[in-house]
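The values are calculated or read from the model by the stated rules, or taken from the named source; none is laboratory data. Please read these numbers as outputs of a predicted model, since none were measured by experiment. For neighbour counting, all protein chains shown are included, and Cβ atoms are generated from backbone atoms with ideal geometry for every residue, glycine included.
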Amino acid sequence: MEQRGRVSASLDERPTVRILGTHGVPAGYGGFETAAEKVGLHLRAQGWRVIVYCQLDGKGDITYDEWEGMERVNIPVNLPGWRGTSLFDFRSVKHSSAHPDLCLIFGYNTGIFNTWQRLKRIPMVINMDGIEWSRARWGFFRQAILYINERFSAAVGNHLIADHPEIEKYLWTRAPKRKIRMIAYGADEVDSADETPVRDLGLEPGGYLSLICRPIPENSILEIVRGFSARPRQHKLVILGTYEPQKDDYHAAVLAAASEDVIFAGAIFDPAIVQPLRFHSALYLHGHTVGGTNPSLVEALGAGNPVIAQDNPYNRWVAGDGQAYFNTSDDVARLLDRLLESTDDLAEMSRASRARYRAEFTWHAVAEQYRELLEDHLPARAKTDRKRR
């Protein structure tokens, strides 16, 4: 492991990658953490040495351990929110810069720090996420910081990953096409699930629709709730997320628009609950209007969910032609009126979801694309060692 020193590391002939920019493994926070875990495990199985930087709460020295054959560099930080994340990123870059190894970086939020790695000629592959700086919820100051960091990442990265064709086109305005590759997000396929977690929430398998997203206006929650609540239905609508109407006017508006058949189940992150909830849902509603390949939508496809999604190029590419799309709450109401009365249409949409998932979004296929790209950017010594084997 890392703590055995640089001498032993330098004698390790395995191709090596250091993964930065996430909260670490095992995944328990969001899409980037899941991607880091899945890609890291795949590389480890292919004979790579994988080192993941992990953020811990608190104070103290950097520690080292191992999880599922991947080495972890555990960095404690004692600041909340984005300030803690920024400090963690800074310390991760500082630590990784003491080694010549290839770095896989998720996100550009602190891209200015990666200038140090570029000056030291450390190869970097950077997943650029979506157009994060454009999100109105950040406010002007945060948007400006993100915009500047996006520019730095685009300039200093040896190669950039876009997770969606529309993001790839956008990145063509930031860097030469030759240094950009589109690699989508992945998901696990769910072909069976225990009904108990669903029934524990007072739900009947197949008797509800699901909506899983952050409760912000750009995710079209109000339009979805209004469309669903336009008339009584034979299904419930289950919404995951934390709603605080006393603090947020948008949350209050969503709650006010909801009929008695809308269930706000709170923030649930446990996969043992979320996967069954998704799998046994009659239909998945997806309102995201910005970003690239959204993990929640990909996971719905992997569970075979019929999908009604907000009509934009991001969602249409991910979900494909076999699903339904809306622009207004009236569209949502009309689509639900038709689809909830047609088991044949829902069954066909479910088959289309699985076909789309298997064609583009399996973790094996996604991780293999990462491996191929990373191999192209290994330092010369590691490339030579790889060829010898």
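Filter segment 192-232 down to residues that are modelled with pLDDT of 95 or more, of a type in the set (D, E, K, R) and either in a loop (DSSP other than H, G, I, E, B) or farther than 19 Å from Asp330 by Cα (or both), then give me how many there are.
Selection size over segment 192-232: 6.
Those residues that are in contact (Cβ under 8 Å) with a residue 60 or more places away in the chain and among the aromatic types (Phe, Trp, Tyr), I need them from segment 94-115; list them, please.
Phe106
If you go through segment 255-281 one residue at a time, how many are more than 24 Å from the chain's Cα centre (by Cα) and under 21 Å from Leu340 (Cβ atoms)?
7
Which count do you get for residues in segment 288-336 that are at pLDDT below 95, crowded, with 24+ Cβ neighbours inside 10 Å and part of a helix (DSSP H, G or I)?
The number of residues fulfilling the criteria is 0.
Exactly one condition in (1) crowded, with 17+ Cβ neighbours inside 10 Å; (2) within 21 Å of Gly157 (Cβ to Cβ) is not met by Ala98; state its number.
(1)
So for segment 261-271 (the condition being in contact (Cβ under 8 Å) with a residue 40 or more places away in the chain, crowded, with 22+ Cβ neighbours inside 10 Å and in the same structural domain as Ser342 (by TED's automatic domain parsing)), does at least one residue qualify?
For segment 261-271, residues in contact (Cβ under 8 Å) with a residue 40 or more places away in the chain, crowded, with 22+ Cβ neighbours inside 10 Å and in the same structural domain as Ser342 (by TED's automatic domain parsing): absent.
Considering only residues that are closer than 15 Å to Ala98 by Cβ and in contact (Cβ under 8 Å) with a residue 60 or more places away in the chain, which ones fall in segment 51-65?
Tyr64
Identify, by number, the condition in (1) touching a residue at least 12 places away in the same chain (Cβ under 8 Å); (2) among the basic types (Lys, Arg); (3) closer than 24 Å to Leu102 by Cβ that Arg135 doesn't meet.
In the conditions (1) touching a residue at least 12 places away in the same chain (Cβ under 8 Å); (2) among the basic types (Lys, Arg); (3) closer than 24 Å to Leu102 by Cβ, Arg135 misses (3) alone.
Being touching a helix residue (DSSP H, G or I) at 6+ places or on another chain (Cβ under 8 Å) and of a type in the set (Asp, Glu) is the filter; apply it to segment 1-40 and report the residue that is modelled with the lowest pLDDT.
Glu2
Please work out which residue is nearest to Arg278 (Cα to Cα), limiting yourself to segment 201-254 and to residues that are touching a residue at least 24 places away in the same chain (Cβ under 8 Å) and of a type in the set (D, E, K, R).
Lys236
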